[in-house]
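Undergrad: My questions will all concern the structure given below.
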Amino acid sequence: MDIINSISTQLISGNDKDVASDTKKALDSGISAETILNDGLIMGMNIIGDRFRDHEVFLPDVLMAAKAMYAGMELIKPILIKSGISSRGKIVIGTIQGDLHDIGKNLVGIMLKGAGYEVIDLGHDVSPEKFVEVAKETGATIIGMSALLTTTMANMKEVVKILKNENLDGKIRTIIGGAPVSDQYASDIGVDKYSFDAGNAVDIVKELMA
Ligand code: B1M
């Protein structure tokens, strides 16, 4: 089995130590951080997600897989962040209220920092009010929201409403991402842009800040 397949397989089994040692081996052998992330870690996470949906595995298995994902992410994070010089603009990010999923949102934060943006990460289960309050306090010009649950994604609409009520729409722009949302959903709820992955989030932020 090649090393990338092994990362994915160990992640699915929730073996955080093996994911870490395989990730290290892959980096040492010259495989790029992006390949490890997309073809190893994210690939494994998608498989565990499908098995969870099909009731082949249960919540503790998903939790262990998430822990293993973080074990790999910790090692590639410094490479993805690279320079770490943050001066191109400020963006507030977080996972919307009611939702505890934070792996994708954290990846978005890592990629934005790597591209030179100052990222204020509010974590998960963030209320619409908090997003706006912190953006105003810090002078951030973009709010980036992540959602993984269909049951709580509608909370993102509240951010748009608050910005409109406070005459801040156009001054503070909004981006959403996460598995259940789409371009269509972004336009339905009045969000400026939808982004499909962490790399694309960087392109969208660049476009909005241009
Ligand atoms: Co949960 N979970 N989970 N879960 N979980 C999903 C989302 C689910 C699709 C699984 C399934 O049924 N197949 C399902 C949601 C179904 C639905 O809403 N219709 C689900 C469920 C049901 C639940 C619970 C309700 C289960 C329960 O308790 N019965 C519960 C909810 C808890 C809560 O939030 N209130 C729950 C809990 C958990 C864990 C805690 C065990 C764990 C999260 C750990 C953590 O995040 N720290 C977990 C996990 C790991 C998943 C899956 C398996 C993987 C998610 C993930 O991290 N993917 C997920 C199934 C799946 O998505 N395939 C699932 C990897 C990550 C890199 O991808 O987050 O999509 P993703 O991010 C991508 C893009 O979407 C994008 O960029 C990233 C890639 O570059 N992106 C953005 C994301 N945010 C962005 C923001 C942007 C731009 C791009 O701009 C701001």
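Conditions (1) open to solvent by 10 Å² or more (accessible area, probe 1.4 Å); (2) aromatic (Phe, Trp, Tyr); (3) modelled with pLDDT of 95 or more, marked per residue:
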{"residue": "112", "(1), (2), (3)": "no, no, no"}
{"residue": "119", "(1), (2), (3)": "yes, no, no"}
{"residue": "145", "(1), (2), (3)": "no, no, yes"}
{"residue": "155", "(1), (2), (3)": "yes, no, yes"}
{"residue": "159", "(1), (2), (3)": "no, no, yes"}
{"residue": "182", "(1), (2), (3)": "yes, no, yes"}
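Undergrad: Checking residue 94 against (1) modelled with pLDDT under 90; (2) touching a Gly at 6+ places or on another chain (Cβ under 8 Å): exactly one of these is not met. Which one?
TA: (1)
Undergrad: Among the residues that make up the range 36-53, is at least one of them of a type in the set (Asp, Glu) and without any contact (Cβ under 8 Å) to a residue 24 or more places away in the chain?
TA: yes
Undergrad: Another one. Of everything in the range 20-51, what is over 20 Å from the mean Cα position of the chain (by Cα) and within 14 Å of the ligand (Cβ to nearest atom)? Give them in sequence order.
TA: The one that is over 20 Å from the mean Cα position of the chain (by Cα) and within 14 Å of the ligand (Cβ to nearest atom): 51.
Undergrad: Which numbered condition in (1) more than 9 Å from the ligand (Cβ to nearest atom); (2) at positive phi; (3) surrounded by 15 or more Cβ atoms within 10 Å (Cβ to Cβ) is the only one that residue 55 fails?
TA: It is condition (3) that residue 55 fails.
Undergrad: Take residue 73 and tell me if it is in the same structural domain as residue 34 (by TED's automatic domain parsing) and either over 22 Å from residue 137 (Cα atoms) or modelled with pLDDT under 90 (or both).
TA: It is true that residue 73 is in the same structural domain as residue 34 (by TED's automatic domain parsing) and either over 22 Å from residue 137 (Cα atoms) or modelled with pLDDT under 90 (or both).
Undergrad: Looking only at residues that are farther than 11 Å from residue 108 by Cβ and surrounded by 18 or more Cβ atoms within 10 Å (Cβ to Cβ) in the range 190-210, which one is nearest to the chain's Cα centre (by Cα)?
TA: Filtering first and then ranking leaves 194.
The values are calculated or read from the model by the stated rules, or taken from the named source; none is laboratory data. Keep in mind that this is a model prediction, so the values were computed, not measured. Using ideal geometry, Cβ is built from the backbone for each residue, glycine included, and neighbour counts are taken over all protein chains shown. The protein model used for the area step is the full one, side chains on, heavy atoms only, and it has no ligands, DNA or RNA in it. Shrake-Rupley method; radii C 1.70, N 1.55, O 1.52, S 1.80 Å.
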